[in-house]
Amino acid sequence: MAWIRGRTLGCGSSATVSLAMQRQSGEAFAVKSVEFSRSGFLQREQSILSRIKCSQIVGYLGCDVTNEDGQLVYNLFMEYVSGGTLTDSIRDQGGRLDESAIRSHTRVILQGLDYLHSRGLVHCDIKGRNVLVGQNGTKIADLGCARWVTEQPPAMAIAGTPVFMAPEVARGEEQSFPADVWALGCTIIEMATGRPPWPDVADPVSALHRIAFSSDMPDFPNFLSEEAKDFLDKCLRRDPNERWTVQELLKHPFLEVGSGGQLNLKRIQSSTSATSPISILDHGFWESVEESETEAEPDIPVVQIPNQLGLGNSSNSPSERIRRLIGDIPSSSSPTPRLPNWTWDEDWVTVRRNNHAEQVVSMSHDRTMTPTDVHAETSRSSAYTDLISDEEELELLGRRSSVINEQPIHYSVNSSNFISSSSQGSLSMACKFVKSENKFLVSSISILL
């Protein structure tokens with residue numbers, strides 16, 4: 001295959017990865033290259049990649065040997081994943097990923113590991129830098145350390161990144177499927193914190209000794225959900241026989257959509273007694289919610305609405321709750337609908353505060369405005385809309401309140417049954433007028449229904 005080498009994408013301990021392009025088609029791909037004399041790991045990786053095909057593992061495209069600057073170079077062609085490594089993505093996201101992103105990447109990594117394990121392969125070096133993120137999803141990469149499960153030490157030397165190694169691997173005992181599960185747990189910590197596990201260890205030798213011979217465990221990020229912490233607990237167990245398998249982890253609740261501290265809507269919807277509040281004044285609903293927030297149990301409690309309207313065991317459908325609110329449902333003591341009393345018959349009073357007087361006017365049922373602190377000279381019937389738009393009315397009110405010496409004038413209006421003869425309701429409206437250059441301007445209006 002004729003191809004052109006492009007810019008360098010990354011450098012590892014065993015090879016350099018570059019962007020490349022086919023001469024004829026112009027298709028981009030990645031090429032992993034190393035001097036032929038040191039290409040043992042790369043040739044091993046080529047042997048494994050050529051025998052597998054999985055959408056969660058970077059694809060194999062071929063290999064060749066080239067002569068570059070007088071040296072033989074071994075090249076491994078692979079699928080190009082444009083988004084870079086998972087470690088790069090963590091850095092670009094501010095140093096850590098949110099739990100939904102962690103869940104998504106973890107699920108894909110597990111699916112890739114499930115494929116490898118089902119074929120007797122152990123990856124041996126799962127970490128953020130060996131996971132690629134692109135438009136086609138997350139993919140496991142770099143199988144240079146991978147081995148068949150039958151290849152155990154001393155036949156095959158231990159390989160991998162020290163701080164991601166499982167205790168049995170650090171001791172040189174075995175490197176099998178549970179080791180990948182341990183490394184996955186370490187990778188989740190990396191996604192959550194932006195750092196590998198054991199961040200306080202100074203060098204790889206100290207890390208290997210601590211992992212192998214102490215009882216210490218990597219710290220779990222305390223801001224993760226209980227499901228995520230439990231998932232980590234199943235991955236990071238010092239005894240490999242106690243770790244969950246990949247297939248078991250794929251069924252863990254942490255990987256379910258909507259988990260991780262979010263409301264479990266299915267649990268609420270499955271309860272026949274759960275319902276939404278009738279209104280924002282539904283005290284019983286909000287009181288029950290406040291109580292539930294203080295409980296130590298992680299499960300979402302079922303909220304129950306007390307039967308405040310005396311309607312027995314009737315339905316809680318939205319339409320019926322609205323009918324209750326407007327009083328259109330008969331009570332047990334009355335066969336006919338009982339309409340609520342929305343009338344407010346209290347009169348407004350004059351209030352003085354900070355040397356400012358608030359002039360109070362009342363509006364009767366025939367919509368005649370009369371100042372309460374002076375004798376009315378005239379009464380005028382007008383439509384409700386005329387109250388604000390009629391300049392003469394504002395001027396009249398201003399003359400009645402001239403005693404406040406050009407201070408802001410406050411009017412409060414109380415009207416009953418103003419909408420129509422067929423509507424039962426009332427309106428309370430407070431209008432504030434400010435006198436400026438012999439004109440009265442509306443400063444604010446407050447309406448209470």
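Looking at segment 175-215 only, could you name the residues that are surrounded by fewer than 17 Cβ atoms within 10 Å (Cβ to Cβ) and not in a helix (DSSP H, G or I)? Matches in segment 175-215: Arg195, Pro199, Asp200, Ala202, Asp203, Ser214, Ser215.
Looking for something closer than 13 Å to Met191 by Cβ and surrounded by fewer than 15 Cβ atoms within 10 Å (Cβ to Cβ) - is there at least one such residue anywhere in segment 80-92? Taking every residue of segment 80-92 in turn, at least one turns out to be closer than 13 Å to Met191 by Cβ and surrounded by fewer than 15 Cβ atoms within 10 Å (Cβ to Cβ). Can you tell me which residue is nearest to Arg44 (Cα to Cα) among those in segment 74-106 that are of a type in the set (A, V, I, L, M) and in a strand (DSSP E or B)? The selected residue is Leu76. Taking segment 118-146, which residues are of a type outside the set (Gly, Ala, Ser) and out of contact with any helix residue (DSSP H, G or I) (no Cβ under 9 Å at 6 or more places or on another chain)? Residues satisfying the conditions are Arg119, Gln135, Asn136.
Any residue at all in segment 137-153 that is under 31 Å from the mean Cα position of the chain (by Cα) and free of Cβ contacts under 8 Å to residues at least 60 places away in the same chain? No, there is no match, as no residue in segment 137-153 is under 31 Å from the mean Cα position of the chain (by Cα) and free of Cβ contacts under 8 Å to residues at least 60 places away in the same chain. Return yes or no: is Asn75 surrounded by fewer than 21 Cβ atoms within 10 Å (Cβ to Cβ) and over 28 Å from Gly194 (Cα atoms)? When the stated conditions are applied, Asn75 does not pass them. Within segment 145-174, the set of residues being in a loop (DSSP other than H, G, I, E, B), at pLDDT below 95 and either acidic (Asp, Glu) or under 27 Å from His252 (Cα atoms) (or both) comprises Ala146, Val149, Glu151, Gly160, Thr161, Glu173, Glu174. The single condition among (1) surrounded by 12 or more Cβ atoms within 10 Å (Cβ to Cβ); (2) among the charged types (D, E, K, R); (3) modelled with pLDDT under 90 that Lys266 does not meet is (1). In segment 107-143, what residues are in a loop (DSSP other than H, G, I, E, B), basic (Lys, Arg) and under 13 Å from Thr187 (Cβ atoms)? Of everything in segment 107-143, just one residue is in a loop (DSSP other than H, G, I, E, B), basic (Lys, Arg) and under 13 Å from Thr187 (Cβ atoms), namely Lys127. Among the residues of segment 99-111, not one is within 13 Å of Leu249 (Cα to Cα) and of a type in the set (Gly, Ala, Ser). Contact map, segment 177-195: first residue at positive phi, second residue of a type in the set (Lys, Arg) and not in a helix (DSSP H, G or I), Cβ cut-off under 9 Å, separation 6 or more or different chains; pairs are Gly194/Arg96.
The values are calculated or read from the model by the stated rules, or taken from the named source; none is laboratory data. Here the structure is a predicted model, which means the values were calculated and not measured. Cβ: placed from backbone, ideal geometry, glycine included. Neighbour counts: every protein chain shown.
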